[in-house]
Structures are given as C-alpha cells and as structure tokens.
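Enquirer: My questions all concern the structure below.
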Amino acid sequence: MNEEKVTTDIITLTRHVLDEQRKHKEASGDLSLLLNAVQLGCKFVATNVRKARIGLAGGAQNVSGEDQKKLDVISNEIFINALRSSGKVAVMVSEEDEDAIIVEEGLKGKYCVVFDPLDGSSNIDAGVNVGTIFGIYRVNEGSAGTIKDVLRPGREMIVAGYCMYGSSANMVLTVGNGVNGYTLDNAIGEFILTHPNIRIPSRGKIYSVNEGNAKYWSEACQEYFHSLKFPPEGKNPYSARYIGSMVADVHRTLLYGGIFAYPADKKSKNGKLRVLYECFPMAFLTEQAGGKAITGLERVLDVVPESIHSRCPIFLGSKEDVEDVERLYKKYS
Ligand code: AHG
Ligand code: MN
Ligand code: MN
Ligand code: MN
C-alpha cells in the first residue's frame, strides 16, 4: 500500500514573513508580530463567516451610510482588539469606525493599519465570497502616531493584503517584494504558502464592472467598455464577470488577468471604493504582481487622501488592459 507522503517542512505565513524579514538586517521582528495579529483576525472572521448568515445588526449605519451587518461589527472588533494588543500599532483606520483610532501610550507601536474588516458584506447572506482588506504604513519619522501618518499616498505603504473567505480562507500578501498566496489549513490553524510569486497576465479576456452604472459613466468609460463588447473584426469580445465583492473580483483578476473597475460616474464623482482600505491595498498588490492600477488619469498609489474615508475611481488589472483605459482617458482629457 503506498504511504501517503507527509509534508514536514511546512512554509507557514509566519515563517515566510520571517524569511523575508531576515533579508533586512535592521528588521526587529515587529512586522511579523503585527502580521500575526492580522492573521488572528482573519482566522476569527473565517470561522464566523462559516457560521454566519447572521442578519442585520439593528439597522446601524456606518460612516459611509451603509447598513452594518452583525458580522461587519464583530469582525471590526476582533481586528481592533488584536491590533491594539499586539503593541505594534500607533494608528488604526477601519471602514466601520468614523474616526481614526489612536492607540494609547504603553501599547502604541510604530505601524499604522488601515483595514476593511469585512468587504462585500452585502453579499454575506447570499453565501458569496467576502473578505478582509488591509494596508500598513510605518509612522512618519519622529511622529508619535497621528492621522497625518495615514493621510499619505499609497506608494508609502509597506505591506498590503487581503484574506478571501470562501470554501477556504485565502490570504494574498505583499511586503513590497512580489505577491504570495497562502491557504488556511484549518487542521493546524496556519496559513500555508500555496501560491508563491503570483504574477498577473499582461493582458486578459475578462472585464469586471457594475454595468448598472453605465448610464452615468463618462464618454471615455463608455467607449472603453463598448470596445471590449464590440471589438474590431477578427477579435473576440471579453467575458463579463462581476461578483460585487471587491476581494473576490480582484482575486480572480490577479489569477486570470483582465480588468476590474469601479469608475467615477455622474452620481459619484469619485466612484464608490475607499482610497485607504480598498483602493490602495489592491493597487499595491496589483502593481507588485506586474499589473497596473489607475483612477483614469492618475496612478492610484499617487493619490493623497483628503480624509480617512475618501473615495477614488479605480481601474486595475493586466498592464496592457489598463493602458488601453489610460489612452482613452487621455484622449478625452
Ligand atoms: P464593503 O462591503 O466593504 O462596504 O465593500 C463593498 C464594495 C466592494 O466590495 C464591491 O466591489 C462594491 O462594494 C460593489 O459595489 P456595487 O454593489 O455598487 O457594485
Ligand atoms: Mn461597507
Ligand atoms: Mn469593502
Ligand atoms: Mn466592509
């Protein structure tokens, strides 16, 4: 009988981050400890999403005017508690909290974490994939940790990632040296490296956008998506895929290529997605995987958010597909 081969040299997320950190002599190990707190939050949410299908939490609304589902609220609390008690965080920004959270002295660290504890939550009752999105800045030199440490361009982020909760929990992470994917092994409670060095194809065949907003799009945006649906003779139209959870739509785009977009429109001049904890982390990951992310005319990572819940338009994905958008926006600018 052939013996099942047991892997005994497991590359966990923690080990992989430590390996990366060892390449930087000055590294203190603080980032690994901080990422352990993030991992705890993701494991907690993964467990509760599985048990979820919990209804609305008394119709509370968050600062973006959205119904907070019970899971939005408890996911938010687990991340805040895990990050605060890590002792590595100075400032936190969450989609579910109106103001930035400044960690009290004694527990204050040197990192700022911006996060969307539960992305795609309107889909939770339908069993569609949801996720957590996060980005990390180091506090500015000499700063004690204030809101100024997070109202910065995304290009100053040092870590970005998401965890998608579906049939399994998939963490996708960059520490500025490429993108790696990890799958939660529930038996041992560890995220295991399963998708090393994720690279997005230079061009795809899928577009992902909420066409229900098409009536309000700019001419450039209309012309772009029309060109995908009615290509020149001899070219095939792109396929349409839209899940409505940014984490799921971006995950598919990173793996299969193509373009994901939440454009500005006449109703929402900055689109819907929030700069700090949705657009920046996803743009950072996309660029690290060899893709591009623009607002239309500008690199997303060069945007400077005016407030912690500012929004910006986003087109992200395969380099050549995003460059087609850029050409059209320039033509109409
Ligand atoms: P969240 O659930 O964190 O509020 O985010 C929802 C976002 C994002 O996940 C998704 O891409 C977008 O909302 C979908 O918006 P539409 O339903 O307007 O297409
Ligand atoms: Mn929301
Ligand atoms: Mn979101
Ligand atoms: Mn959310």
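Enquirer: Which value, in Å² and to the nearest 10, is the accessible area of His226 when all protein chains are kept and the probe is 1.4 Å?
Expert: 100 Å²
Enquirer: 222 nm [θ] for the chain, helices only, -39500 (n - 2.57) per DSSP H run of 4+, per residue, to 500?
Expert: Value at 222 nm, helices only, nearest 500: -9000 deg cm²/dmol.
Enquirer: So for the range 144-198, Kirkwood radius off the Cα pairs, Stokes-Einstein at 37 °C and 0.692 mPa s: how many µm² s⁻¹? Please report the intermediate quantities before stating the final value.
Expert: Values: Rh = 12.9 Å.
My calculation gives 254 µm²/s for D.
Enquirer: Taking Rh as the Kirkwood radius, which is the inverse of the mean 1/r over Cα pairs, what is the Rg/Rh value for the chain?
Expert: Result for the chain is an Rg/Rh of 0.97.
Enquirer: Here's a follow-up. When only alpha-carbon atoms count, how far does the range 1-139 stretch along each of its three principal axes, as whole angstroms with the largest first?
Expert: For the range 1-139, the Cα spread along each principal axis is 54, 50, 19 Å.
Enquirer: Now for a separate question. What is the magnitude of the charge dipole of the chain about its Cα centre, with +1 placed on the Cβ of each Lys and Arg, -1 on the Cβ of each Asp and Glu, and no other charges, expressed in debye to the nearest 20? Working shown, then result.
Expert: Values: 39 positive and 42 negative charges, 114 e Å.
Roughly 540 debye, rounded to the nearest 20.
Enquirer: Using alpha-carbon pairs under 8 Å, 6+ residues apart, how would you state the relative contact order of the chain in percent?
Expert: Worked out over the chain, it gives 15 percent.
Enquirer: Name the residue farthest towards the positive end of the dipole of the chain from the options Pro232, Ile200, Gln61, assuming +1 on Cβ of Lys and Arg, -1 on Cβ of Asp and Glu, about the Cα centre.
Expert: Pro232
Enquirer: What is the spin-label model distance, in nm, from Lys235 to Lys267 if the labels are put 7 Å beyond Cα along the C-beta direction?
Expert: Distance between the two pseudo-spin positions: 2.9 nm.
Enquirer: Which of these, Tyr242, Tyr262, Tyr162, has the largest mean-square fluctuation under a Gaussian network model of the chain (Cα springs below 10 Å)?
Expert: In this elastic network of the chain, the residue with the biggest mean-square fluctuation among Tyr242, Tyr262, Tyr162 is Tyr242.
Enquirer: Ok, one more. List, largest first, the extents of the alpha carbons of the range 243-285 along their principal axes, each in whole Å.
Expert: Taking max minus min along each principal axis of the Cα atoms, the range 243-285 gives 31, 19, 15 Å.
Enquirer: When the expected Rg is taken as 2.2 N^0.38 Å, what fraction or multiple of it is the alpha-carbon Rg of the range 239-333?
Expert: On the way: Rg = 12.3 Å, N = 95, 2.2 N^0.38 = 12.4 Å.
Taking N as the residue count of the range 239-333, the ratio is 0.99.
Enquirer: At most 14 other Cβ atoms within 10 Å and a DSSP loop assignment: could you name the GluC sites (Glu not before Pro) in the range 184-262 that fit?
Expert: Qualifying residues, ordered by number: Glu233.
Enquirer: Quick one: ranking Phe44, Phe225 by accessible area, 1.4 Å probe, largest first, what do you get?
Expert: Sorted descending by solvent-accessible area, the residues read Phe44, Phe225.
Enquirer: Shifting gears a bit: Any aspartates and glutamates with Cα under 20 Å of the Lys235 Cα? List them, leaving off those in the same chain fewer than 8 positions away.
Expert: Qualifying aspartates and glutamates at Cα under 20 Å: Glu223, Glu320, Asp321, Glu323, Asp324.
Enquirer: I've got another one for you. Tell me, rounded to the nearest percent, the portion of alpha carbon pairs in the range 118-244 spaced more than 25 Å apart.
Expert: The proportion of pairs with Cα distances above 25 Å equals 51 percent.
Enquirer: Which number do you get for Rg(Cα) / (2.2 N^0.38 Å) in the range 189-284? Kindly include the intermediate steps, with their values, before the conclusion.
Expert: Values: Rg = 15.2 Å, N = 96, 2.2 N^0.38 = 12.5 Å.
For the range 189-284, the normalised Cα radius of gyration comes out at 1.22.
Enquirer: Here's a follow-up. Could you work out the pair-distance distribution P(r) of the range 105-154 from its alpha-carbon pairs, with 5 angstrom bin width and percents rounded to whole numbers?
Expert: 4, 18, 21, 15, 13, 10, 10, 6, 2, 0
Enquirer: Probe 1.4 Å, all protein chains in place: accessible area of Arg22 in Å², nearest 10?
Expert: 150 Å²
Enquirer: OK, next. Over the alpha-carbon set of the range 128-170, work out the extent along each principal axis and list the three values in angstrom, largest first.
Expert: 44, 16, 15
Enquirer: Pairs to check: Lys205/Lys266; Lys272/Lys292; Lys205/Lys229; Lys5/Lys51. Give those whose C-alpha atoms are more than 22 Å from each other in this structure.
Expert: Violating the 22 Å limit, Cα to Cα: Lys205/Lys266; Lys5/Lys51.
Enquirer: With an 8 Å cut-off on Cα pairs and a minimum separation of 6 or more residues, tell me the relative contact order of the range 241-297 in percent.
Expert: 22 percent
Enquirer: Okay, moving on. From Cα coordinates alone, what are the radius of gyration and Dmax values for the range 270-314 in angstrom?
Expert: Cα only, the range 270-314: 9.6, 29 Å (Rg, Dmax).
Enquirer: Would you mind computing, in nm to one decimal, how far apart the modelled labels at Tyr256 and Asn197 are, each placed 7 Å from Cα along Cα→Cβ?
Expert: Spacing of the two 7 Å Cα→Cβ label points: 2.5 nm.
The values are calculated or read from the model by the stated rules, or taken from the named source; none is laboratory data. Remember, it's a predicted structure, so these values are computed and weren't measured experimentally. Note that each Cβ is placed from the backbone with ideal geometry, even for glycine, and that neighbours are counted across all protein chains shown. The area values use the complete protein model at the heavy-atom level, side chains included, leaving out ligands, DNA and RNA. Shrake-Rupley method; radii C 1.70, N 1.55, O 1.52, S 1.80 Å.
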